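Bear in mind these aren't lab numbers, they're just calculated from the coordinates by the rules spelled out. Note that the structure is predicted; figures quoted are calculated from it, not measured. FYI the Cβ positions are ideal-geometry reconstructions off the backbone, even for glycines, and counts take in every protein chain you see.
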Amino acid sequence: MAQIPNLDNAPLNLNSLREQSQKELVNILKNIRGKKCLVIDPKLSGSLSSIIQTAILKEHGIELRHLSVDPIQTDCSKLVYLVRSELSLMRFISSHVHNDTSKGLQREYYVYFVPRRSVACEKILEEEKVHNLLTIGEYPLYFVPLDEDVLSFELDLAYKECLVDGDTSSLWHIAKAIHKLEFSFGVIPNVRAKGKSSVRVADILNRMQAEEPVNSPDMVVPEINTLILLDREVDMVTPMCSQLTYEGLLDEFLHINNGAVELDASVMGVQQEGKKIKVPLNSSDKLFKEIRDLNFEVVGQILRQKATSMKQDYTEVTTNNQTVSELKDFVKKLNSLPEMTRHINLAQHLSTFTSKPSFLGQLDMEHTIIEAQSYDICFEYIEEMIHKQEPLVNVLRLLILFSITNSGLPKKNFDYLRRELLHSYGFEHMVTLNSLEKAGLVKKQESKSNWLTVKRALQLVVEDTDTANPNDIAYVFSGYAPLSIRLVQHAVRSGWRPIEEILKLLPGPHSETKRGRFSSSPSLDTLQGPSANVDKVVDGRRSLVLVVFIGGVTFAEISALRFLSAQEGMAYDLIIGTTKIASGRTFTETFVGK
């Protein structure tokens, strides 16, 4: 199965965007004549694998290497580096050039920055006295379609950079990516932003439109009707909870990376000792598309039903005289057998994690923390985890959840847990705890928490959630409705004005802007329910809302948005943009520092 996701059913023409990115890369390489070696920054190789197949590059006679400190072993006389603007990578490139020079190797060097060059990087190349030996360019890859409704800006560290390091360069990148979309699909007339970074991105976007306007033909309605920008900081409760959808759990336990999981071949029923295999996970796999967003409790039943139905068909084929067309139908069904086997193996493997008492205990505790009624029980549970020396990331994840819902911990408790953590896990984690405090994730309590007010006003805890036939987004966490998606739900249904008072209780400012010549057209405030046909794009498709998460989004939130989009009476298709796909584990790991 192709690693590259199939985008044919995307609500926007993402295929054309991907083809443009492919073409730009191929043109860069074509313009460098002769035999060449493409040296890729390892962090970019995942992004590129979602854009272009390795085979296409090899067809152009290109050798592929990963960039590392080691010299490049190749007979090619032309080296093309494709790198992010990272200072450490400049040192690698410089050492390669110096190494070649010392050996008397005559080579041509090309450095292409993704998505744009930076002064700081070029300064290092100058200091290393190699700048004049390089041809420097840019490969403007600002986003990568991970699936038919998900775009990633591939900014893994945006959240920590903004909150801890004070580096807001990622916000310019996000605005640039959205502006690039506007050149293809028209100026987005309605923009809603919540959070410090989001409001800044909205401002930068307006500035870009003023400096480099998108000139869309007068009567063409923009394909994206509304942009909703949300800071991750507005809702850090959701990512700290364990995701309970199939795709969410796959990410929690097996770590989905660029639309695939890598695991031991034995898990997938392949008997090869020590061999790892990559299993692609995107909507090209029809069965995965059907079950990815379901609560994991239901997935086992569905796979069982499908297997039983296949078994019955097989029995009928072998015992009765079937017509040719019945046989043909059966053979068609057999085509889905590899997908069935793949997901039965994966689900079976997942259940070895989800049935562990430690996981079930953690789920109970998460729900208790979210209920915010039993401070002492939660505090003692975390204290016990520290004393048992449970994995630090698991402890911090619960501690962050506990601190956010309580608006910090009383000084006495804060100092005590901090001391215990350093004793149990080592004083090198002083930096970790300082970063978490700076980001406001684990801090001293300075004011009374308003979590209970927010929880009640937005109905974030839903009793008796039916995971098999859900009627609310709370099914993705078996009873907790993600705050971020509740905000989107309100923004789409009735605008943010009715919940203005609640928005003020959440971190950061909020803004609403109308832009371009269609800004006078009815915005989401007045468009409710199926009668909203004013917003149909020319060819009858539903109009679009682009929801952008600055700082990352979880698979469970994506599932909740897909659930919203599929509801009867929903006038819009939703498409998701994010700096990265994240989970509580990956968020916490960015602070722990490997």
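Worth pointing out:
- Unpaired cysteine residues in the chain (no second Cys Cβ under 4.7 Å): CYS121, CYS162, CYS241, CYS378.
- In straight-distance terms, cross-link reach from LYS356 covers every one of the lysines whose alpha-carbon lies under 20 Å from its own, apart from those fewer than eight places away in the same chain; here that gives LYS388.
- The Cβ shell under 11 Å around VAL395 holds other residues with a net charge of -2, Lys and Arg each +1, Asp and Glu each -1.
- Counted charge near LEU287, where neighbours are those whose Cβ lies closer than 10 Å (Asp, Glu -1; Lys, Arg +1): +2
- Computed label-point distance, nm, for sites SER355 and LYS276 using a 7 Å Cα→Cβ extension: 2.7 nm
- Here the extension length gained between PHE183 and SER449 equals 91.4 nm, from 0.36 nm per residue of separation less the Cα-Cα distance.
- Those residues of the stretch 420-451 whose amide nitrogen sits under 11 Å from the label point placed on LEU505, 7 Å along Cα→Cβ: 449-451
- In terms of its alpha-carbon gyration tensor, the chain comes out rounded; the largest-to-smallest axis ratio a/c stays below the 1.5 threshold.
- The aspartates and glutamates whose alpha-carbon is closer than 17 Å to the alpha-carbon of LYS58, local same-chain residues fewer than 8 away aside, are GLU24, ASP75.
- Residues with amide H under 5 Å from that of VAL111, placed H, sequence gap 5 or more: TYR81, THR135, ILE136, GLY137
- Efficiency of FRET from Cβ geometry, MET310 and GLU262, R₀ 22 Å, rounded to 0.05: 0.20
- Subtracting the Cα-Cα distance of ASP165 and TYR375 from their residue separation scaled by 0.36 nm leaves 72.4 nm.
- Its relative contact order, with pairs defined as Cα atoms under 8 Å and 6+ residues apart, puts the chain at 19 percent.
- Once both labels are positioned 7 Å from their Cα atoms along Cα-to-Cβ, the gap between ASN206 and LYS388 label points is 5.2 nm.
- Label reach from ASP8 (point 7 Å along Cα→C-beta): in the stretch 138-152, amide nitrogens under 17 Å belong to 147-149.
- Shape of the stretch 373-448, Cα gyration tensor, a/c cut at 1.5: oblate
- Virtual spin-label span in nm between ASP70 and LYS123, 7 Å along Cα→Cβ: 3.3 nm
- Among the listed pairs LYS36/LYS275; LYS176/LYS455; LYS123/LYS160; LYS160/LYS444; LYS123/LYS196; LYS443/LYS580, a Cα-Cα separation exceeding 23 Å is found for LYS36/LYS275; LYS176/LYS455; LYS123/LYS160; LYS123/LYS196; LYS443/LYS580.
- From its DSSP helices (H runs of at least four residues, each -39,500 (n - 2.57)), the chain gives a residue-normalised ellipticity at 222 nm of -14000 deg cm²/dmol.
- Around LEU7: net Lys/Arg minus Asp/Glu count, Cβ-Cβ under 9 Å: -2
- Only aspartates and glutamates eight or more places from LYS306 in sequence, or on another chain, were considered; those with a Cα closer than 16 Å are ASP285, GLU290, GLU297, GLU316, ASP329, GLU339.
- Along the stretch 372-388 the Karplus relation, 6.51 cos²θ - 1.76 cosθ + 1.60 evaluated at θ = phi - 60°, assigns HN-Hα couplings of 6, 10, 10, 4, 5, 4, 5, 4, 5, 4, 5, 4, 5, 4, 5, 5, 7 Hz to successive residues, with x for each Gly and Pro.
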